[in-house]
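The values are calculated or read from the model by the stated rules, or taken from the named source; none is laboratory data. None of these values were measured; they are calculated from a predicted model. When we count neighbours, we look across all protein chains shown, and the Cβ atoms used for this are built from the backbone with ideal geometry, even at glycine.
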Amino acid sequence: MSRIRRVEVVANLASGGVTADTPAEIEKICLDHGLTPHVCAPASHDLTNCLRAAVDAGPDLLILLAGDGTARAAAELCGPAGPVIAPLPGGTMNVLPRALYGDRSWPDALSVALAQGEVRTLAGGEVEGRCFLVAALLGAPAWWGAAREAVREHALTLAWLRARRAVKRAFSGRLRYALDEGRRARAEALVFLCPHVSRALPDEAKALEAAALDLNGAADAFRLGFHALVGDWRDAPAVETAPCGRGRVWAAGRIPALLDGELVRLNSQAEVAYRPAVARVLAPPKDL
């Protein structure tokens, strides 16, 4: 791996796949491949500062052991011209790592990436200046994401309060939207999937997979808000998906959204767009 010399590692200690021994394990794998990494293993409250410092150090490779949301934040900081990213499976859903490394454990994924990896430019989406590499969910079901985060942090009382709020807001307002140059329509939620995680689009598709959803009740909203946006919701009879280069969305107030599992608040008018180059990743060849 002669093209990689400087390596930064960010391992989120609050993630499900990270233990106190993990930083040393990552360092050993890197040393076995002739690399001496600088490892940062912060508590969750200091993750953003650690990530920013790692990117500012200007490494050739930034190894992440965290969730999809941390990979999204790193991609936003690095951009397509910055450090190459290796997003290992260290979170709850691990949708992006599975798309890049299959079902390998993080040690196997890292070893294969360092030994046989190639640098790829990864496409994705953007909304209000924020990128996403897995999926964007817009609409009231996104409120379930806040409850999920509280569960992950073992704050059960807070999770209960947020879940109650999510139920109250689950059907608080429909979205108006238009995909590409199509007609205006309404839906309770919109989902935009990146091509490398879509089941309907090939990896090389220059578009997002878009779906408008009209949910049947709170149970549907719960599933949509808690799961990785690539599961059983697509199999519902009322769901129709289509490739989309750009989507415009309107609502009566600010729009809640999950970007790669992270809850954000968008303006009352938002535009979602396909981006051919969001970040560069280190991953083995697709047939390996």
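For segment 13-35, filtered to residues that are touching a helix residue (DSSP H, G or I) at 6+ places or on another chain (Cβ under 7 Å) and farther than 19 Å from VAL281 by Cα, the residue that is modelled with the lowest pLDDT is GLY17.
If we keep just the residues of segment 271-288 that are crowded, with 21+ Cβ neighbours inside 10 Å and of a type in the set (A, V, I, L, M), which is nearest to ALA142 (Cα to Cα)? Residue satisfying both the conditions and the ranking: VAL272. Does PRO59 qualify as being crowded, with 21+ Cβ neighbours inside 10 Å, at pLDDT below 95 and within 20 Å of GLY117 (Cα to Cα)? Judged against the criteria, PRO59 is not a match. Determine whether PRO42 is outside any helix (DSSP H, G or I), surrounded by 14 or more Cβ atoms within 10 Å (Cβ to Cβ) and modelled with pLDDT under 90. Answer is yes for this residue.
Evaluation of ALA221 against the conditions (1) part of a loop (DSSP other than H, G, I, E, B); (2) over 14 Å from ALA136 (Cβ atoms); (3) at pLDDT below 85; (4) not basic (Lys, Arg) shows that the sole unmet condition is (1).
Restricting attention to segment 45-71, the residues that are closer than 15 Å to VAL84 by Cα, part of a helix (DSSP H, G or I) and touching a residue at least 24 places away in the same chain (Cβ under 8 Å) add up to 6. For segment 20-37, taking the residues that are of a type outside the set (Ser, Thr, Tyr) and under 24 Å from the mean Cα position of the chain (by Cα), the one that is surrounded by the most Cβ atoms within 10 Å (Cβ to Cβ) is identified as ILE26. When GLU8 is tested against (1) in a helix (DSSP H, G or I); (2) touching a Cys at 6+ places or on another chain (Cβ under 9 Å); (3) closer than 14 Å to LEU110 by Cα, exactly one condition is not met: (1).
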